[in-house]
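Heads up: the structure comes next, in structure tokens.
Please treat every number below as a calculation from the coordinates, not as lab data. The shown structure was predicted, so the numbers you read here are calculated from the model rather than taken from an experiment. Cβ: placed from backbone, ideal geometry, glycine included. Neighbour counts: every protein chain shown.
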Amino acid sequence: MAIERLRPADAADWAEAGRLVAEIVRMSGDATLRQAAEQALPVLRQAADNDDHGVTLAARRRIGVILDVVHDLTAPRFGRRHAAPKKLSREDRARKMLGLPLQVQLTCDDINQAYRRAAKGMHPDQGGSAEAFIDLAAARDVLIHPRAHKDA
């Protein structure tokens, strides 16, 4: 609930958001939620230290991704019980990884900007893991060259 209040707030407390997301990383048993929180943490810390509008916008997007994952985990499922959620396409997974909206037409500049923003915190020289950085680059490639990558 506390994270939901951060998204629409005009002057969000990004330091508090960072603490909440760090708690999610530490306590979450779900791998998807933990990954979304881990990817959001560097951007939230940067937003707490920086007053840049672009960083704030990226932090809001990352909070949105976390909220989407929380909603997917907590929303009631009607129909078959214990049915697995619908699998995302390769492109949709890449959009979520880069913090981009699912139903919006994107330009190469939009994709590259989102990649650069995400790569700042995920780069191995900045404390990120090499595997996550490679996955981020693959997500950008999938979005820029969608016909070169077949859906699995």
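Quick look at the values:
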item: Shape category assigned to the stretch 42-141 from the gyration tensor of Cα positions, a/c cut at 1.5; result: prolate
item: Shape call, the stretch 22-79: gyration tensor on alpha carbons, a/c limit 1.5; result: oblate
item: Proxy reagent accessibility, fewest Cβ within 10 Å first, across ILE63, ILE111, ILE134, ILE144; result: ILE134, ILE144, ILE111, ILE63
item: Full-stretch length increase - ASP52, GLU131 - with 0.36 nm per residue and alpha-carbon distance subtracted; result: 25.6 nm
item: Nitroxide proxy distance, nm - points 7 Å out along Cα→Cβ at ASP13 and GLN113; result: 3.0
item: Selection of trypsin sites (Lys or Arg not before Pro), the stretch 59-143, meeting DSSP coil and at most 14 other Cβ within 10 Å; result: ARG77, ARG80, ARG81, LYS86, LYS87
item: Computed lengthening from ALA84 to ARG147, 0.36 nm per intervening residue step minus Cα-Cα distance; result: 19.9 nm
